[in-house]
Each structure stands twice: as C-alpha cells, then as structure tokens.
Amino acid sequence: MSTGVVLFSHGSLLCGSEQALRRHAERLKSYNVADIVEPGFLNYNSPSFADGVASAVEQGATRIIVAPYFLAPGKFVTYDLPRALQIEESRHPSVKFVLAQPLGFDERLALAVTQSAEAAASREYWRLDLERAPAHCRYEAACPLFETDACSRGSEKAASNVLYQETIDPVGVEALLLMIHGSPRGNANEAALQIAELLRAQALFNCVKVGFMECNQPDIPTAIQSCVQSGADTITAVPYFLHTGTHVADDLPTLLEAGANQFPTVRFRMGRYLGCSPALTDILRDRIQDALDENSFV
C-alpha cells in the first residue's frame, strides 16, 4: 500500500501566503513520513484540496492521510473538511482516506513562540511579508495587492534575501504578547491560552499577555496597554497565525504601530508568525504517524 499525505489548509488571499505550508510539506518528505506529501487548500491558494488529492493519487497513493493544518478543530476542520473529504472519497473509491488530528495543543508550540520572539525585529521589518508578496505574484483579483504599484513592479526586498532579524541590544523588562485571531467558538482558543500559561510557567519573559484581533477579549490594544501597565519597557509580539495573510503582513503591524505611537518610551518588536517554525513540521509528523498507527490494520 502506497501512502500519501495531503496537508489540508484554509489558504489566504495574499500572494505567497502558502509558502510556509510548502516548506512543511518538503520537510515531511525529507522525514520519509510517507511516499507522497502534497498541500491542499480549501480557498485562495493552489493546489486546491481536490488537486492535492488528485496529485497524490496520480503518484500512486492507495491510502491518503489528510492532515489538517489548523490550530484548533473549528468550523473548517469539523464542517468544511468532512464535506470536501466526502467528495474526494466518491471521486477516488479505490483509495483509503484517513483523517489525522489538527495541531491542537502541543508543548512544542511554546518552543515555536519562543523561537519567534528570539528573532523579533523592529518596525522596519514588520511588513517584510507584504513587500515580498510580489515575488510570488499569481495575478489574481483576490490578492489585496492586485494591480497596485506593488503588484506591478515588486520591490527590492521582495527579490532579496533580507532576513527577518537584526542585531539587538539586551532588553530590560520584556513582555511577550501573543497576537491571536480569535474565534466565536469558545474551545477554539483554549489551546492557545494553554500555551500562554505554559510560557508563563517557563518564566522566560517578565509577563505574557494574550490579545485577540477579533471575536474575543482582551483585544490587542488592550493587551498592549496591560503590558505597559505591568512595567514592560519592551513588548515582543508574536503572531499566533499559521499563514502570512493580510492580518500578519499588514493588520497586526498597524496595531503594533498604533501601540508604539501611544507609548513612545516602550520598545516594540515583532517576531515571525507561528507557521514559520520547523517545530510545526514535527507536530504534523506526529499527527500523521498517530493516524497511521491507528489505521495500521485497515
């Protein structure tokens, strides 16, 4: 039986937002987790989930592990994925499909956050993903840069190998700010809050705060104010996001810039988004292996 893996993800509007998932797919191939590893997106990016499955089948997969690249079992995992999977099962009746668990809570996510914080940079780097997006231009109207000056001409940074880091001086009282999208589903935020508690217990930062973009409280401006009130002279913000969509590339930098303007004596830094970390590849590998082990006799 030839085993394939399809990494199921939502996708994002910004060109280049799929690059992190492609890197995870390449690492999984190097780990020899399965004979075939393909990404598959629900929206916006390519290949689509259907195309990812078709590619795996064309390469000879007779069993496909579908691994959700999501932090929590929200709507896309519990509703959209089963519907998409049902369609693929009807298209490929001779293929055995096995569903793995999403990333969920894992202590290695705390490591990913810490690594992001260690490589955090000042505000001139915060929109590097936005500036690099034209290098991955797919010329589609869905992209927020479509037919703008950036879309048509690109930029020097988009074509360069500029690293998202800088030489930094030692910080004083450092607050870690986890910037989370938020969800109206109460349990969807639970794993991220557990990671925040784990980071507090590790005491690598003077304080750890959580701020939500949408749906939940405290919002990010309130969380920034809480960091300042705790006595922080440096706020290191980490986007708790899997993709470099518009939120990570533009919206979160805008919120941090507003905080920096409001509190000019506080140093603000932002790390890479969570999905950049190789630690997530290791978590995906374990979720896939668990699914294989549970279905070893199927």
Okay, helices (runs of 4 or more DSSP H) sitting entirely in segment 1-113 with 1 or more residues that are over 16 Å from the mean Cα position of the chain (by Cα), among the small types (Gly, Ala, Ser) and closer than 27 Å to ALA188 by Cα, I get 49-58, 81-91
Of all residues in segment 182-210, which are of a type outside the set (A, V, I, L, M), under 27 Å from GLN262 (Cα atoms) and either touching an Asp or Glu at 6+ places or on another chain (Cβ under 6 Å) or part of a helix (DSSP H, G or I) (or both)? GLY182, ARG200, PHE205, ASN206
Test set (1) surrounded by 16 or more Cβ atoms within 10 Å (Cβ to Cβ); (2) at pLDDT 80 or above; (3) in a helix (DSSP H, G or I) - GLU124 fails condition number: (1)
Would you be able to tell me the number of residues in segment 206-263 that are among the acidic types (Asp, Glu) and within 26 Å of PHE70 (Cβ to Cβ)? 4
Within segment 69-84, is even one residue under 21 Å from MET1 (Cβ atoms) and surrounded by fewer than 17 Cβ atoms within 10 Å (Cβ to Cβ)? no
Return a yes/no flag: does segment 32-46 have any residue that is in contact (Cβ under 8 Å) with a residue 12 or more places away in the chain, out of contact with any Leu (no Cβ under 9 Å at 6 or more places or on another chain) and small (Gly, Ala, Ser). yes
Which of the residues belonging to segment 244-271 are of a type in the set (Val, Ile, Thr) and surrounded by fewer than 18 Cβ atoms within 10 Å (Cβ to Cβ)? THR254, THR265, VAL266
Could you go through segment 272-283 and let me know if any residue there is in the same structural domain as PHE41 (by TED's automatic domain parsing), β-branched (Val, Ile, Thr) and either at pLDDT 95 or above or crowded, with 20+ Cβ neighbours inside 10 Å (or both). yes
Return the residue satisfying two criteria in turn: it lies in segment 220-235 and is among the hydroxyl-bearing types (Ser, Thr, Tyr) and in contact (Cβ under 8 Å) with a residue 12 or more places away in the chain, and of such residues it is farthest from HIS247 (Cα to Cα). SER230
Residues located in segment 1-31, provided they are among the aliphatic types (A, V, I, L, M) and touching a residue at least 40 places away in the same chain (Cβ under 8 Å): MET1, VAL5, VAL6, LEU7, LEU13, LEU14, ALA20, LEU21, LEU28
Count, please, the residues in segment 11-24 that happen to be touching a strand residue (DSSP E or B) at 6+ places or on another chain (Cβ under 8 Å) and either at pLDDT below 85 or buried (at least 21 other Cβ atoms within 10 Å of the Cβ) (or both). 4
Search result, residues across segment 230-259 that are in a helix (DSSP H, G or I) and closer than 19 Å to GLU131 by Cβ: THR246, HIS247, VAL248, ALA249, ASP250, ASP251, LEU252, PRO253, THR254, LEU255, LEU256, GLU257
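The values are calculated or read from the model by the stated rules, or taken from the named source; none is laboratory data. Predicted model, so just to flag it, every value in this text is computed and none were measured. Ideal geometry is used to build each Cβ from the backbone, glycine not excepted, and the neighbour counts take in all protein chains shown.
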